[in-house]
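Written below as structure tokens is the structure these notes are about.
The values are calculated or read from the model by the stated rules, or taken from the named source; none is laboratory data. Note that the coordinates shown come from a computational prediction; the quantities given were computed from them, not determined experimentally. Cβ placement follows ideal geometry from the backbone for every residue including glycine, while neighbour counts extend to all protein chains displayed.
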Amino acid sequence: MASDLTRRGFLGAAGVAAVTGTMAYTAGAKGAAKAGKEEKIKIVGISCSPRPGKTTAQGLTICLDAARKAGHNIETELIELGDLNIPVFDPAAPGSADFEKVAARLSDPKVAGIIVGTPVYFGNMTSLAKAFLDQCMVFRKKGLALSNKVAGVLAVGGVRNGGQELAIQSVQAALLCQEMIVVGDGRPTAHFGATLLNRGDDISQDEFGIKTARNLGRRVAEVALRVCGLAG
Ligand SMILES: Cc1cc2nc3c(=O)[nH]c(=O)nc-3n(C[C@H](O)[C@H](O)[C@H](O)COP(=O)(O)O)c2cc1C
């Protein structure tokens, strides 16, 4: 049973049994490969900044560019929650139409990896990020549809050591509750995720932060390819 798999065994087994989401995709991808077709997986960036197009979106764009470079069979998409109506989660109320559209996109078996980006607000994630992650309760109720998808987290702060790692760990806690495979930024930086510094609504001068964003995007993509049995 999938729930009995260890993470090591899970990652090592190219032909693991298909159960949900990404794993169902694995079987499809292998069949397609045999038939000579080329299948793609998708990595989705989710910006939880109330300000679309600003530094969180810029950081995620760097991650997604690096993810695409990790394999010819990788597509990416950026979803900006700041453009949408994602209300505070109320267990007694239905989710918003906008959240349902996002949930449908994330449930797509082709989506093998998700990178959540948040600005640091007072040492933590934004209320928009928390609202989104709480709305994701729907996935737990629907057979853990995010299970076995790979997850990484990016945080942008206005100062160095402004709480980027605290915000990342808060988001990671919620993603672990979805049975996602949570990874950090890959080597050589290899820590908790992408940690960026915003100077005047610009991250382009933050050389180290940009490296962590690239390494996170590449790491999410590489692990997703392995989980899907598509690693070279
Ligand atoms: C309410 C609020 C609280 C903030 N708290 C922090 C903080 O604790 N640490 C920090 O480094 N930056 C803090 N900032 C700065 C933002 O994290 C930073 O400007 C970030 O780049 C904004 O992301 P965006 O460009 O995607 O909107 C705060 C900004 C706001 C509006």
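The rows are residues; the columns are (1) of a type outside the set (Val, Ile, Thr); (2) in contact (Cβ under 8 Å) with a residue 60 or more places away in the chain.
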| residue | (1), (2) |
| --- | --- |
| 41 | no, yes |
| 50 | yes, yes |
| 53 | yes, no |
| 59 | yes, yes |
| 65 | yes, yes |
| 69 | yes, yes |
| 81 | yes, no |
| 85 | yes, no |
| 95 | yes, no |
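For residue 208, indicate whether it is at pLDDT 95 or above, in contact with a helix residue (DSSP H, G or I) (Cβ under 9 Å, 6 or more places away or on another chain) and among the aromatic types (Phe, Trp, Tyr). Answer is no for this residue. Among the residues of segment 110-134, those that are away from the ligand (no atom under 16 Å from the Cβ) and either farther than 30 Å from residue 230 by Cβ or surrounded by fewer than 21 Cβ atoms within 10 Å (Cβ to Cβ) (or both) comprise 110, 134. Residues in segment 103-147 that are under 21 Å from residue 76 (Cα atoms) and in a loop (DSSP other than H, G, I, E, B) were compared, and the one that is nearest to the chain's Cα centre (by Cα) is 146. Output the residues belonging to segment 166-192 that are over 16 Å from the mean Cα position of the chain (by Cα) and either within 16 Å of the ligand (Cβ to nearest atom) or without any contact (Cβ under 8 Å) to a residue 12 or more places away in the chain (or both). Residue satisfying the conditions is 166 alone.
I'd like the residue in segment 148-158 that is in contact with a helix residue (DSSP H, G or I) (Cβ under 8 Å, 6 or more places away or on another chain) and in a loop (DSSP other than H, G, I, E, B) and, out of all such residues, is nearest to residue 221 (Cα to Cα). Before you say what the answer is, go through the steps one by one.
If we filter segment 148-158 for residues that are in contact with a helix residue (DSSP H, G or I) (Cβ under 8 Å, 6 or more places away or on another chain), which is where we start, we get 148-157.
Then drop every residue that is not in a loop (DSSP other than H, G, I, E, B), which leaves 148-149.
Details: 148: 13, 149: 11 Å.
Of everything passing the filter in segment 148-158, 149 is nearest to residue 221 (Cα to Cα).
Would you check if residue 46 is under 16 Å from residue 216 (Cβ atoms), in a strand (DSSP E or B) and touching a residue at least 12 places away in the same chain (Cβ under 8 Å)? For residue 46, the condition - under 16 Å from residue 216 (Cβ atoms), in a strand (DSSP E or B) and touching a residue at least 12 places away in the same chain (Cβ under 8 Å) - is met.
Whenever a residue of segment 201-212 is within 11 Å of residue 185 (Cβ to Cβ) and outside any helix (DSSP H, G or I), it has no partner that is of a type in the set (S, T, N, Q) and within 14 Å of the ligand (Cβ to nearest atom) lying with C-beta atoms less than 8 angstrom away and at least six residues away or across chains. Scanning segment 65-102 for residues that are within 16 Å of the ligand (Cβ to nearest atom), modelled with pLDDT of 95 or more and in a helix (DSSP H, G or I) yields 81, 82.
How many residues, within segment 63-78, are among the polar types (S, T, N, Q) and more than 24 Å from residue 196 (Cα to Cα)? Can you show your working first?
Restricting attention to segment 63-78, the residues satisfying the condition of being among the polar types (S, T, N, Q) are 73, 76.
So of that shortlist, the ones also more than 24 Å from residue 196 (Cα to Cα) come out as 73.
Number of matching residues: 1.
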